[in-house]
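All remarks here apply to the structure that follows.
The values are calculated or read from the model by the stated rules, or taken from the named source; none is laboratory data. Only a predicted model underlies this, so the values are computations on that prediction, with no experimental measurement involved. As a convention, Cβ positions derive from the backbone with ideal geometry for all residues, glycine included, and neighbour counts pool all protein chains shown. Calculation scope for accessible area: heavy atoms of the full protein, side chains included, ligands and nucleic acids excluded. Shrake-Rupley method; radii C 1.70, N 1.55, O 1.52, S 1.80 Å.
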Amino acid sequence: MGNCIQTSHLTKRYGKVLAVDDLTLEVQTGEVMGLLGLNGAGKSTTLYMLAGLVGPTSGDATIFGKELHRHFLSIAPSMGVLVERPAFYDYLTARDNLKLSARLAQRDVTVDRALDRVGLLSAGRKKVGTFSTGMRQRLGLAQALLLEPSLLILDEPTSGLDPEATHDMLALLRQLADEAQVTILVSSHMLHEVGQLCDRVAIIHEGRLISCDRTDALLSYDERRVEVLLDAPESAAKRLAGLPWIESVEIRPGRLDVVLREDNVHQLTAFLVTAGYRLTGVIPRQRTLQDYFLKALNR
Amino acid sequence: MIGRIWHTYCFEVEKAARRKFTYLGLILVVLAVASALLVRPVARDGESDYAFIAYATPIALNLLGLLLLVTYCSGLVSTELGSGSICLVLVRPVRRHEFLIAKMLLGVTYAATLTVAVTAATWGIALAFGDLTGVVYGGETVFTGADVFVAYLLGALLVMIPQAAVVAYAVMISTLVRSTGAAIGGAVGLLLAVDIIKYPLRISPFIFSTYLETPWRVFTSYCDGLDASWFPDTAYLLLTSIASIVVFMAVAIFSLSRRDLRT
C-alpha cells in the first residue's frame, strides 16, 4: 500500500517562532494516523499546511503522489478538511452551506447523505447561526465528508461534542477507514480517542516529530507491570519494597501496582504465596497512550 | 481558471442575495433619490425635469452610494478572515487570487445594482410625476429626450469604471485587516482623508475618486442646454481608474497569498 501523504522537511516559521520544524512524515493509504502533542506543538499548523491553508516556509508535502502546492486544484476535491472550530455562513441553513460548498467544487452531490451521516438531517433547514458548538462541529465533519473524499484531515474533530456524539463520530471515522479505505490524519488532545481510532500515532513536540509508532504495539500488555489483588496490600508493599527485582510498588485500595525489573511475574507470585498472603489475582497492566506520550516527552 | 472564478462568483452572489444588508443599500439609495424631490420638485407643467435627475443621481450614487459601496466591499474579505469561513472556500479547488477576483466581481455587481436602482428611481419618478420632453432653450429644442437619456446611460456605464476602482480599493483594505469594523472604518476614513488632502497637495488628477463625477458632466451640461465633450476627462478617468484597479488588486492578492488563515 502506497503513501497517501508524505511530507519532506516541512517547516513553518512565524517570525522567530518555529511552529513546525523539519517534519518528515508518511501516512499510508487507508491508514488512520493520529497527531498528538501539547498545545502549540505544531499539530494544527501541520494540518493547515496539508490542507493548503497555510504555506510552508520550506520543505514540501506530497498528497496522492502529487506535490501539494503545484497540484492543489486536482488534490482538493479528493480531500475533506475539518479545521478547529469550523466557521460557516450563519445566515444560511446547514443545507445551503453544504450546497454552496459543493458548488465551489463544481460537484453535484446530495447534501442529505452528509447531514445524515453526522446526525444533522433534521436540523438541515435551520440557520447555522442557531447551532450549538457540537452541531457546528458535526456540520464541519459533514462538510469534510461532502465530496466523498479519499483523504480526511481533521483538527480536533471531537472538540465540543458530547460523549454520545463523540462515540458516533469516532465510529463513523473508523468505519470510513475500514470500509471505504479513507485515509485519515487527525489531531486530538483526547488520548483515549486517538488510541481507539488510530492505526498509528505520531507525537509532535515543539514542532518536531519525536516519535511515531503503531497503536496496537503501544497499547500492548506490559509484562513488567502488574496489578496484584491481595488481602493485605500495605504489609505486602513493605516486604516487596526492598527486593532487588522490584522497581516500584504503589499501594491502591485492595491491590498493589508493581513494576518489575524484568519479566518475572512468577517470582513475584511465588514470593507472595510463600509469605502467606492470599492472592486473588495478578493482572498484567496494558500500556496506555498516556504512558507513551509522557515517556516520549520525557515527563 | 475562468470556470473556477465563475463558480466562486456565483457562490458569492448567492450568499449576497441572502443577506439583508444587500437590500438595505438598494432601499437607501432609492430613498435618497426620493428625498431629492424636497430640493428639486418635479411637476407636470410642460417643463422638463432633468434638473431633478441631475441633482438626485450624484447625491444617491456618488455620496450615499459611494459610502455604501465602500462599506459593503470592505467587509467582503475581512468578515471571512475574522470568522474563519474563508477556510470553507479555500479548502475547495479555488486559488486565493480567484477568490479575490470573485469578490471584486461581486463588488462590481453590487455597484452596478446600485446604479441601476438609482437610474430606475430617478427616471421613474421624473417620468411618473414630471415631464421629460427634451431640453428647450428660447423655444428651440437643443437636445431631444433621447439625446439626454443616451448621455445619462453612457454616464452610468462609464461610472462603473471608477466604481470598480472603489471596489478594488475596499477589497484591498478588506484583505489587510481581519476585523470588519476596522476594515470599514479604515477604508472610509482613508478615502475621506485622501479626498481632503488631494487638492491642497495637487494630486487630485492622479486619484481615481476625482473622476466619480466625470461621467455625469456631459449629462449635466445637456440638462443646462450646453454641449459638452467626453474628452479629455474620460481618458483621465480610464487611466487612473484602471491603474488603481491593477495596483489595489495586486496588493490584495499579495496580502492574501501571504496571510495565515488560522483563526
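Would you mind giving the mean number of other chain beta-carbons within 10 Å of the Cβ of each residue in B:95-108, as a whole number?
Partner Cβ neighbours, averaged per residue: 1.
Treating only the Cα positions of chain A as identical point scatterers, give the base-10 log of I(q)/I(0) from the Debye formula at each q in 0.09, 0.10, 0.11, 0.13 Å⁻¹.
Here the Debye-derived log intensity ratios amount to -0.56, -0.65, -0.74, -0.91.
Step through the table entries A:LYS99/B:LYS15; A:LYS12/A:LYS99; B:LYS20/B:LYS103; A:LYS12/B:LYS103, compare each Cα-Cα distance with 23 Å, and write down the pairs that go over it.
A:LYS12/A:LYS99; A:LYS12/B:LYS103
Which of the lysines could a cross-linker span from A:LYS238 if the Cα-Cα distance has to be under 29 Å and same-chain partners fewer than 8 positions apart are dropped?
A:LYS295
What shape does the range A:153-209 take by its C-alpha gyration tensor, where a ≥ b ≥ c are the square roots of the eigenvalues and a/c under 1.5 counts as rounded, a/b above b/c as prolate, and the rest as oblate?
oblate
Tilt of helix B:233-258 relative to the longest C-alpha principal axis of chain B, in degrees (0 to 90, nearest 10)?
20
Hey, got a sec? Which trypsin sites (Lys or Arg not before Pro) in the range A:1-107 land in a DSSP loop and have at most 13 other Cβ atoms within 10 Å?
Taking the range A:1-107 and a limit of 13 other Cβ atoms within 10 Å, the loop trypsin sites (Lys or Arg not before Pro) found are A:LYS16, A:ARG70.
Cut-off 10 angstrom, C-alpha nodes, Gaussian network model of chain B. Which of B:ALA117, B:ALA228, B:ALA151 fluctuates the most?
It is B:ALA228.
Roughly how crowded by other chains is peptide A:43-55, in terms of the mean Cβ count from those chains within 10 Å of each of its Cβ atoms?
Per residue, the average neighbour count from other chains is 3.
Evaluate the Debye formula for the range A:39-112 with equal point scatterers sitting on the alpha carbons, no solvent, and hand back log10 of I(q)/I(0) at q = 0.19 Å⁻¹, in q order, two decimals.
One equal scatterer on each Cα of the range A:39-112 leads to -0.93.
When only Cα pairs under 8 Å and 6 or more residues apart are kept, what is the percent relative contact order across the range B:111-244?
Computed over the range B:111-244, the figure is 29 percent.
Just to be sure I understand: if I project the alpha-carbon convex hull of the protein assembly as shown onto a plane and average over all orientations, what area do I get in nm²?
34.7
Ordering B:GLU140, B:GLU12, A:GLU223, A:GLU67 from largest to smallest accessible area (1.4 angstrom probe), what's the sequence?
Output order, biggest surface exposure first: B:GLU140, A:GLU223, A:GLU67, B:GLU12.
What is the helix-to-structure angle for A:94-104, meaning the angle in degrees between its Cα long axis and the longest Cα principal axis of chain A, kept from 0 to 90 and rounded to the nearest 10?
Value to nearest ten degrees: 70.
Please give the Cα centre distance for the range B:238-263 versus the range B:48-107, rounded to the nearest Å.
14
Calculated from DSSP H runs of 4 or more alone, at -39500 (n - 2.57) each and per residue, what is the 222 nm mean residue ellipticity of chain B, nearest 500?
Calculated from helices alone, the mean residue ellipticity at 222 nm is -22000 deg cm²/dmol.
Relative contact order for chain B: what percent, with Cα pairs under 8 Å and sequence separation of 6 or more?
Normalised by residue count, the contact order of chain B is 27 percent.
At 1.002 mPa s and 20 °C, plugging the Kirkwood radius over alpha-carbon pairs of the range A:199-290 into Stokes-Einstein gives what diffusion coefficient in µm²/s?
Translational D for this selection: 146 µm²/s.
Please compute the Kirkwood hydrodynamic radius over the range B:64-174, one decimal place, Å, based on all pairs of different Cα atoms.
It works out to 16.4 Å.
Restricting things to alpha carbons, find the Rg to Rh ratio for the range A:72-194 using the Kirkwood radius for Rh.
Expressed as Rg/Rh, it is 0.94.
Name the most mobile residue of B:GLY186, B:GLY25, B:GLY139, meaning the one with the largest mean-square fluctuation, in a Gaussian network model of chain B with Cα contacts below 10 Å.
Greatest mean-square fluctuation among the candidates belongs to B:GLY139.
Restrict the search to the range A:212-285; then list the chymotrypsin sites (Phe, Trp or Tyr not before Pro) that DSSP places in a loop and that have at most 15 other Cβ atoms within 10 Å of their Cβ.
Passing sites in the range A:212-285 are A:TRP245.
What 222 nm value per residue comes from the helices of chain A, counting each DSSP H run with n ≥ 4 as -39,500 (n - 2.57) and dividing by all residues, nearest 500 deg cm²/dmol?
Helices in chain A give a 222 nm mean residue ellipticity of -9500 deg cm²/dmol.
Please list log₁₀ I(q)/I(0) at q = 0.13 Å⁻¹ for the range B:114-236, using the Debye equation with identical point scatterers on the alpha-carbon positions.
Log-scaled intensity ratios, in q order: -0.69.
For chain B, count the residues as N, evaluate 2.2 N^0.38 Å, and divide the Cα radius of gyration by that value, please.
Here the Cα radius of gyration is 1.09 times the empirical estimate.
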